[in-house]
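Read through the structure below, which is laid out as structure tokens, and then see the notes.
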């Protein structure tokens with residue numbers, strides 16, 4: 001998918017990164033801050049159930065397609081991001097610059113095990 005029509009990217013996602021702040025007692029606290037809001041297409045790839053802390057949890061992997069943005073260039077940095085869509089949280093694991101043309105980025109993400 002090297003070219004993307006506007007109609008294909010019909011979901012509005014907020015991309016967030018984790019940042020460190022100090023709480024009122026001087027301790028370190030992790031918070032999520034917005035980086036950018038993008039139009040995207042979200043497609044489920046696979047699902048599985050896992051036993052976590054003696055309870056069943058499900059995880060669904062997704063492929064998220066967005067237009068190229070420089071913040072997605074380094075896949076190591078992108079692996080620390082998450083995406084929010086209508087109360088759903090997607091933990092991003094990798095980004096792929098399709099054909100290295102800086103037109104379309106494919107994000108591989110999972111949903112369901114934690115809140116990022």
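Yes or no, residue by residue, for (1) at pLDDT below 90; (2) part of a strand (DSSP E or B):
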{"position": "3", "(1), (2)": "yes, no"}
{"position": "32", "(1), (2)": "no, yes"}
{"position": "44", "(1), (2)": "yes, yes"}
{"position": "56", "(1), (2)": "yes, yes"}
{"position": "61", "(1), (2)": "yes, yes"}
- In the stretch 30-38, is there at least one residue being within 11 Å of residue 65 (Cα to Cα) and surrounded by 11 or more Cβ atoms within 10 Å (Cβ to Cβ)? yes
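I need a count of the residues in the stretch 66-89 that are assigned to a strand (DSSP E or B) and touching a residue at least 40 places away in the same chain (Cβ under 8 Å). Reasoning before the result, please.
First, pick out the residues of the stretch 66-89 that are assigned to a strand (DSSP E or B): 66-67, 81-85, 88-89.
Adding the requirement that they be touching a residue at least 40 places away in the same chain (Cβ under 8 Å) leaves 66-67, 81-85.
Result for the stretch 66-89: 7.
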- Look at residue 18 and say whether it is in contact with a strand residue (DSSP E or B) (Cβ under 9 Å, 6 or more places away or on another chain), at pLDDT 90 or above, surrounded by fewer than 16 Cβ atoms within 10 Å (Cβ to Cβ) and more than 16 Å from residue 91 (Cα to Cα). no
- Query: List, please: which pairs have Cβ atoms under 7 Å, are six or more places apart or on different chains, and start with a residue in the stretch 91-116 that is assigned to a helix (DSSP H, G or I) and end with one that is at pLDDT 85 or above?
  - Reply: 98/104; 98/106
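The values are calculated or read from the model by the stated rules, or taken from the named source; none is laboratory data. Remember, it's a predicted structure, so these values are computed and weren't measured experimentally. FYI the Cβ positions are ideal-geometry reconstructions off the backbone, even for glycines, and counts take in every protein chain you see.
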